[in-house]
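Just so you know, all these numbers are worked out from the coordinates, no wet-lab data involved. This one's a predicted model, so the numbers in the text were calculated from it and none came from an experiment. Neighbour counts run over all protein chains shown; Cβ positions are idealised from the backbone, glycine included.
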Amino acid sequence: MPHNDDNRNVPLSPTYLGGYDLITIKNIAQHAEKEIRLGVWLHNKRSSGKIQFLQLRDGTGFMQGVVIKSEVSEETWNVSKELTQESSFYVTGIVREDNRSKLGYELTVTGLEVIQIAEEYPITKKEHGTDFLMDQRHLWMRTPRQRAILSIRAEIIRAIQEFLDQNGFSLVDPPILTPTSAEGTTSLFHTKYFDEDAYLSQSGQLYMEAAAMALGKVYSFGPTFRAEKSKTRRHLIEFWMIEPEMAFVEHEENLRIQEEFVTHIIQSVLKNCELELHTLERDTAKLEKIVAPFPRVTYDEAIDFLQGEGFDIKWGEDFGAPHETALAEKYEKPVFITHYPTVLKAFYMKPDPNRPDVVLCADLIAPEGYGEVIGGSQRIDDPALMESRFKEHQLSMDAYKWYLDLRKYGTVPHSGFGLGLERTVAWICGLEHVRETIPFPRLLNRLYP
Ligand code: 4AD
Ligand code: MG
């Protein structure tokens, strides 16, 4: 039974045992054959006369609780009959091994203490439309599938930080309110900053370049905003990006770091989220193949290939989703597409010294049609070239003066990239649409809840 054998007058939550073991469904195996008490919600219920099967959830997982009429008090039996979907209560019971459940355990209920009998729940077992579920996002999150996605998202974030921290990167936070654009001016979110104009950050990169000159290897991890009027399965208005930036790192090394980084993320999820991947019915054999090195294709080669496949695309044109999917289908691993035409890419990318009409950049295209998950490049380090790019792109010298300073005071070769968190989650989870990868998606026409 839960007890508090500590002398301090600290009231412990009933889910703690003496010794401060947190009892959860996730770690239920540690409590086999013991009587425990857990705070839970009722996910579902099934009854067969003298037995109630309660599908319990505590946030860390789902577990079956069995109430047997002949073995509990009359009051406990009556309470078990009253429980509605999403009612909250404390359950006491004995943890028993059970090979029929994926979890491997079930709970023989001995007692129930109701916190609240929930009102009629809007999300039922019947099929609901996406719009309805999106309106109910605050509740929809509780379902096994959505919980599994958000839990994998958390593991991806943990693995990202683990890789970067272990490899000597320092976390640096760029501003969210910015005076200028970082990734083109068409998708800027405008706002007022007292009497000035300001924009929500599209990317922390430019600030990370400053930070890399101060700390060497840095990364930012923050929300970014793009007022893109695109309604695709890959676009969010607000999304999270991880942007490493590295002084003295050139194009080739940049790609090597990216492939090791992505390998670490995938392998961590495979190792730590087995149950969640199972809930999502993800084909993990496809993920097991994601191990560095990744194939590389130049933009020129990609154009030749696409033309050969019958696509109507000319050198100098950007790839759309169908092009990316066709390219990715050739491989079981993500593929780097490198050396895009200079005119297609951002103002800060360094031209290839052997061929200035293309830049030292790469987009990493995920397999299975998930599209671009990383965009990265080596950056221009020459002050004169940087200045001429500002003019070509009609960017205000005043606004970017500080950025030019980085090229004047000890300029060095440097590179970086941005990994889109939600597209990475969609790929690893095997989802149709990025809207399920983020707790509260911001989409074209959706700002609620
Ligand atoms: O390719 P992008 O625009 O690159 C940058 O912003 C660079 N400044 C990154 C850098 O070098 N530091 O965006 C990077 C990634 C894309 O590959 C994609 O995964 C994701 O961010 N992304 C989006 N994800 C969801 N919704 C959107 N609207 C996205 N736009 C970009
Ligand atoms: Mg890109």
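Put a dot 7 Å past each Cα toward the Cβ at Met397 and Asn44; how far apart are the dots in nm?
Computed distance between label sites Asn44 and Met397 equals 6.8 nm.
In the Gaussian network model of the chain, springs joining C-alpha atoms below 10 Å, which of Gln146, Gln258, Gln394 carries the largest mean-square fluctuation?
Of Gln146, Gln258, Gln394, the Gaussian network model singles out Gln394 as fluctuating most.
In the Gaussian network model of the chain, springs joining C-alpha atoms below 10 Å, which of Lys125, Lys26, Lys345 carries the largest mean-square fluctuation?
Lys125
Among Ile28, Pro293, Ala384, whose Cα projects farthest towards the positive end of the dipole of the chain, with charges put on the beta-carbon of Lys, Arg (+1) and Asp, Glu (-1)?
Positive-end residue among those listed: Ile28.
Tell me the net charge near Ala247. Cut-off is 12 Å between Cβ atoms, Ala247 excluded, with +1 for each Lys or Arg and -1 for each Asp or Glu.
-3
Calculate how steeply helix 299-308 sits against the longest principal axis of the alpha-carbon atoms of the chain, using the helix alpha-carbon long axis, and give the answer as 0 to 90 degrees to the nearest 10.
Relative to the chain, helix 299-308 is tipped by roughly 80 degrees.
Which residue, Glu127, Glu97, Glu260, has the most motion in a Gaussian network model of the chain that connects Cα atoms within less than 10 Å?
The residue that fluctuates most here is Glu127.
Quick one: putting +1 on the C-beta of Lys and Arg, -1 on the C-beta of Asp and Glu, what dipole do you get for the stretch 138-436 around its Cα centre, in Debye to the nearest 20?
Here the size comes out at about 600 debye.
Go ahead and run the numbers for FRET between Asp304 and Lys81, Cβ-Cβ distance against an R0 of 56 Å, rounding to 0.05.
With R0 = 56 Å, the Cβ-Cβ based efficiency is 0.20.
Which of rounded, prolate, oblate describes the chain, given a ≥ b ≥ c as roots of the alpha-carbon gyration tensor eigenvalues and a/c under 1.5 marking rounded, otherwise prolate only if a/b is larger than b/c?
Prolate.
What is the local net charge at Glu228, summed over the other residues whose Cβ is closer than 12 Å to its Cβ (Lys, Arg +1; Asp, Glu -1)?
+3
For the pair Leu215/Ser73, report the inter-label distance in nm, with labels modelled 7 Å from Cα in the Cβ direction.
5.7 nm
How far is helix 205-215 tilted, in degrees, relative to the longest principal axis of the Cα atoms in the chain, given as a value from 0 to 90 rounded to the nearest 10?
On a 0 to 90 degree scale, this one is about 90.
Please give the charge dipole size of the stretch 147-249, origin at the Cα centre, charges +1 on K and R Cβ atoms and -1 on D and E Cβ atoms. Round to the nearest 20 debye.
600 debye
For Phe132 and Glu162, FRET efficiency with R0 = 35 Å and r from the beta-carbon atoms, rounded to 0.05?
Once the sixth-power term is evaluated, E becomes 0.40.
Compute the signed sum of charges (Lys and Arg +1, Asp and Glu -1) over the other residues within less than 14 Å, Cβ to Cβ, of Glu324.
Local charge sum for Glu324: -3.
Can you figure out the FRET efficiency of Leu103 with Leu443, using R₀ = 41 Å and their beta-carbon distance, to the nearest 0.05?
0.75
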